[in-house]
Structure formats: structure tokens, C-alpha cells
Amino acid sequence: MSLFSFFKCKNFSFRKCKGVINDKNENYQKRKAHFRQFISILGGYILMIDVGSQISWTSSALPYLVSDNSEIPITFYQSAWLASIDSICTIFGIIIYPLIMNIVGRKYTILIFGIIQLIAWISINFANNFTYLCITRMIVGIGIGGTVNFFTIYIGEIAEKNIRGMFLSIDKICLNFGGFILNIVGTFLSYKTMNLVMIIIPIIGLLTFPLMHETPYFYLLKNQEDNAVRILMKLNGKNFEINENIERMKKTINECRESQKNVLHELFTDKGSRRGFIIKIIIDFIYAFSGFLVIQTYAQDIFVLSESSLKPAYSVMLISGVQSLIGFSSCYLVDHWGRKPTFLLSGILSSICLLLIGIFFFFKYYLKIDVTSFSLTPLISLIIFQIVSNIGLSTLPYIYSGELFSVKVKGLAIMISSIFLGLCIFMSKFMTPFLGKAAGIYSVFWLFSSVCFIGPFIIIFIVPETKGKNLEEILEILRS
């Protein structure tokens, strides 16, 4: 207690002095509980960093693999497969995790996908031909699909409701940070050394596994209420309202068990569920063809074409660093301005950035105009694109996953939409080099610019504003 608090207590009453101490003790206990929950989630965050690095691997690896110095020479056609095959294989990870999480538990599900991620890096280090590389990228896709989609479930079951949003936003920041690390390592180290060094990240993640706790939800699913109480007390402290939360969790579990009956029928016959599913499919399509993930995949190749004064690897490192930093503010803006205005602003500004890059390449490669004085245009535009797309285009798909569906249909709706998203990302990544070769790189950016501009206006007209509304209110609006 500070000296000011002591004199304040003397001037008023001992009861008030005791209240000051109690308030401080309560805040201290809350901080301790939040720290324990963070430590339990830490291993998953490290694996999410690894996912971000695996997504960005092609940006640093492809320029080497297609070069004359490559020990594993690949063709232009093969590079397109290598860049996109992981996206379609995320489907297998999405299908696997619901099958095992209620059998082995939440904690061991994360361990399984962490081991898959480690195997992927080990395999890449031993890959000596194109086929082997494709197999390793397929393993990468399985790990990404499982880790990204399941880890949010683990956070939701471990974190207290008051800090759950913050912990979920850290999840995305870790994803961006992983790409930043990969680009730094890829800039200063050789291809082989880069692959060897990146093994360290999943190893660190797996070493933190003993710090993780099984979730109370899983113990209640297995009728082990004593273990559920023990975990709640360990994570939240002895003063936590154990009985009230145990009953709430039991009620949720019973609702989920009931929801398994006729869930597919309700998803497509209930007006609110059907409309929410259509909205999620549309927003996933916009996200996949906005260019956000494609630019991460082919970033270094894009900067090679721009022929700017800054080395392509440094340019990639710069935009991935900006992407990591901007993630801290994106969730605040969505809650402060509202979903629809944020998405519209993000889409329009992203469209302008991509349009400018397309114009730059059109002048350079089609009109054959000397654009040396404007060679930094792609870099500056992509930095701004990373900032504005992170406040809406790349954030809203995750937020709407939790806001548009009832408990009964949420699991199935998100699984189907995630599979659809994986297919769309695969198509956008695979078509990009072929479209660029056939119609010019500028046409690729103009296509993405069109999607970024038109997509948000569609969302404005078909999606209700969900800011400040609970799930029941949103579902009622969707059914109206």
C-alpha cells in the first residue's frame, strides 16, 4: 500500500483502508490468474508463430528453387504447385481435429499437430526433389489446417471471458510474427540453413507442452468433474466462482450434445443459419481473392519484378514487420467503429493500393515507360495495404465465425466454410503465376483490387451490424 493510501485511510476509516488492501489483493490475484492462463496457452502461441513462418516459406524459398543455383531445380509450373498445395491440404487438418479432440483431449490434440509441424520442417531439410518437396508441403497444410482452426477452441476453453478477446487477438499477431521471422532468416541465411534454423520454433513449442493444461470442458465431457474443478482452481485461483462456472459449462456441453441431432438439416433450413452461412462463404471468398495471402506467398517475386533500389528480401522483411505491428490495433478498430464501416474502409483503401501497383506494372511492362523514379511504388503501396487490410479484410472473417452462428450449427458451418476457404486460397495462389504470365502481372493486381472494392459493398447490403449485439440478437436479425 502506498504512503498516500495509508494517510487516506487514517483520515477516513479503517474499513476504507481495508477496502483498499482488498481491492489490491483482488487485482493481484486476477493478474496471477491471467498469467497462469497465458502460460498454459504459450505453447500454442509458439506453434502459431511456426504456422506463420510455414505460410511465408515460399516467399523466400521459391526464388532460390527456380534459380540456376538451386540444387533442386523446379520449373515455373512446379513452383505454382509448390506455392499452393499446402492450402488445399489444410482440409485434412480441418477434418482431423474434430475427430480426435474429444478422444485424446484438447491438450494432446495441440501436441499432435505440433509434432506434424515439426515433421514438416524435418522433411523439408531432407527433401532432394520436387515430389518430396510437395509431400512436405502437404504435411505443412495438414498442420496449418489443424493448428489454426483448433487453437481458437483451446483458447476459448482456457481463457477467462474478460481476457478471451485479447488472447484471441494475440493468436493472429503470432501468425504475422512468424512470417516476419521467416523473412528475416531467409534474408540473411542460405536456403538450407534457413530450413535447419526454423526447426527450432516447433521444438520450443513442444518443449512448453508440460506447461499446458487440459481444459475443464474436456474433463466434464468425460464426466470427471473433480478434475474440472481442480483445473479451474489452478487457472483462476481459489476465489473463482467454481460451482457457477461448472454448471454453466455443463449446460453448454448438454446443448452441444443435443445439437448433434439434425444439425445439417438445421443449417440449411433455418433462415438465420442459412443466411449466416451464405455471408460467411461470401466473406471467405473476398478474403481469399483479396490478394492478402497471395502477396505473402509471392512477395519476393513481386519485388524482383519492380526492380526497386531496395533488395527484394529486405522489402519483404519490411512489409512483414509492418504486418506484425499493425495486428495490435486491428481488433480495437473493429470494436470501436463497427464491423461494416471498418470492412468498407479497409476494402476501399486496399483496392486503391493494389490498383496503384497494377498501374505501376502496366506502365513498366506494357507501355514500356521508364518508371525508375517511382520504383518504390510497389513497396510503399504494399506497406499501406498490409496496414489497411489488417483492420478489416483479414480480420472480419475470423470475427464473423464467432458471431453469425448458433451453438447448434457453429461447428459444422465453420468446418464447411473453412474447407471452402482452403479451396479458394489454393485457386488464388495457383492461378496467380499463370495469370501474370498470360495477361501481365498488372492484371493480377487489378483482379484483386476489384474484389477488394466490390466485396465490401456486397457485405454492406447483406450483413447486419453485429457490433454491441449478443448472439441471440444477431440470430433474430438474420431470421427477420
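Things to note:
- Accessible area in the full protein assembly, largest first, 1.4 Å probe, for 265, 213: 265, 213
- In degrees, nearest ten, helix 106-126 long axis to first principal axis of the chain (Cα): 20
- Estimated [θ] at 222 nm from DSSP helical runs (n ≥ 4, -39500 (n - 2.57)) normalised by residues in the chain, nearest 500: -27500 deg cm²/dmol
- Computed on the Cα atoms alone, the convex hull of the stretch 385-437 gives a volume of 74 cubic angstrom per residue.
- Solvent exposure of residue 301, expressed as accessible area, is near 60 Å², computed with a probe of 1.4 Å over the protein chains only.
- Of the trypsin sites (Lys or Arg not before Pro) in the stretch 329-437, the ones in a loop by DSSP (not H, G, I, E or B) with at most 14 other beta carbons within 10 Å are 368.
- Distance violations [Cα-Cα > 29 Å] among 30/340; 280/429; 107/340; 340/437; 410/467: 30/340; 107/340; 340/437
- Computed over all pairs of different Cα atoms, the Kirkwood value for the hydrodynamic radius of the chain is 24.1 Å.
- Two-decimal ratio, the stretch 36-134, of alpha-carbon radius of gyration to 2.2 N^0.38 Å: 1.28
- Karplus-derived 3J(HN,Hα), 6.51/-1.76/1.60, for each residue of the stretch 454-467, Hz, glycine and proline x: 6, x, x, 5, 5, 4, 4, 7, 10, 10, x, 6, 9, 4
- FRET efficiency, 1/(1 + (r/R0)^6) with R0 30 Å, evaluated for residue 453 and residue 367 via beta carbons: 0.80
- Solvent-accessible area assigned to carbon and sulfur over the chain amounts to 67 percent, based on a 1.4 Å probe.
- Placing 357, 122 in order of accessible area, with the largest value first and a 1.4 Å probe, yields 122, 357.
- Computed log10 I(q)/I(0) for the stretch 338-480 at 0.12, 0.16, 0.17, 0.22 Å⁻¹: -0.61, -0.94, -1.02, -1.38, from the Debye equation with unit scatterers placed on every C-alpha and solvent omitted.
- Centre-to-centre separation between the Cα atoms of the stretch 47-69 and those of the stretch 99-133: 17 Å.
- The 1.4 Å probe gives accessible areas that order 81, 57, largest first, as 81, 57.
- Take every Cα pair under 8 Å whose residues are at least 6 apart in sequence, average their separation, divide by the length of the chain, and the relative contact order is 21 percent.
- Remark: relative contact order (the stretch 367-480) = 29 percent; criterion is Cα-Cα distance under 8 angstrom and separation of 6 or more residues.
- If the chain linking residue 32 and residue 129 were pulled fully straight, counting 0.36 nm for each residue of separation and taking away their Cα-Cα distance, it would gain 29.9 nm.
- For the stretch 102-212, the relative contact order is 39 percent, taking Cα pairs closer than 8 Å that sit 6 or more residues apart in sequence and dividing their mean separation by the residue count.
- Ordering 158, 371, 52 by the projection of their Cα atoms onto the charge dipole of the chain, which places +1 on the Cβ of Lys and Arg and -1 on the Cβ of Asp and Glu, puts 158 at the extreme positive end.
- Label-to-label distance for residue 460 and residue 375 is 3.9 nm, based on points extended 7 Å past Cα in the beta-carbon direction.
- Measuring between their Cα centroids, the stretch 277-297 and the stretch 431-455 lie 14 Å from each other.
- DSSP-loop GluC sites (Glu not before Pro) across the stretch 148-255, with at most 16 other Cβ within 10 angstrom: 160, 241
- The simple spin-label model puts a point 7 Å past each Cα toward its Cβ; for residue 398 and residue 164 those points are separated by 1.6 nm.
- Cα long-axis angle, helix 407-439 against the chain (0 to 90 degrees, to the nearest 10): 20
- Computed from the Cβ-Cβ distance with R0 of 51 Å, the FRET efficiency linking residue 248 to residue 67 stands at 0.30.
- In the frame of its principal axes, the stretch 135-206 has Cα extents of 44, 26, 18 Å, reported largest first.
- Per-pair calculated FRET efficiency, R0 = 45 Å: residue 480 and residue 77 via Cβ, rounded to 0.05: 0.35
- Coordinate range along principal axes, alpha carbons of the stretch 108-265, Å, largest first: 56, 40, 24
- For a modelled paramagnetic label at residue 271, 7 Å from Cα along Cα-to-Cβ, the residues of the stretch 436-470 in reach, with backbone nitrogen under 15 Å, are 464.
- In the stretch 262-308, the alpha-carbon atoms span a convex hull of 69 Å³ per residue.
- Each Lys and Arg Cβ is given +1 and each Asp and Glu Cβ -1; about its Cα centre, the chain then shows a dipole of about 1400 debye.
- HN-Hα J in Hz across the stretch 136-143 - Karplus 6.51, -1.76, 1.60, θ = phi - 60°, x for Gly and Pro: 5, 6, 5, 4, 4, x, 4, x
- Helix 161-188 axis versus longest C-alpha principal axis of the chain: approximately 30°, rounded to the nearest ten.
- Paramagnetic reach from residue 196 (point 7 Å along Cα→Cβ, amide N under 18 Å) across the stretch 44-64: 61
The values are calculated or read from the model by the stated rules, or taken from the named source; none is laboratory data. What you are looking at is a predicted structure, and each value in this text was computed from that prediction instead of being measured. Glycine also receives a Cβ, built like all others from the backbone with ideal geometry; neighbour counts cover every protein chain displayed. The area values use the complete protein model at the heavy-atom level, side chains included, leaving out ligands, DNA and RNA. Shrake-Rupley method; radii C 1.70, N 1.55, O 1.52, S 1.80 Å.
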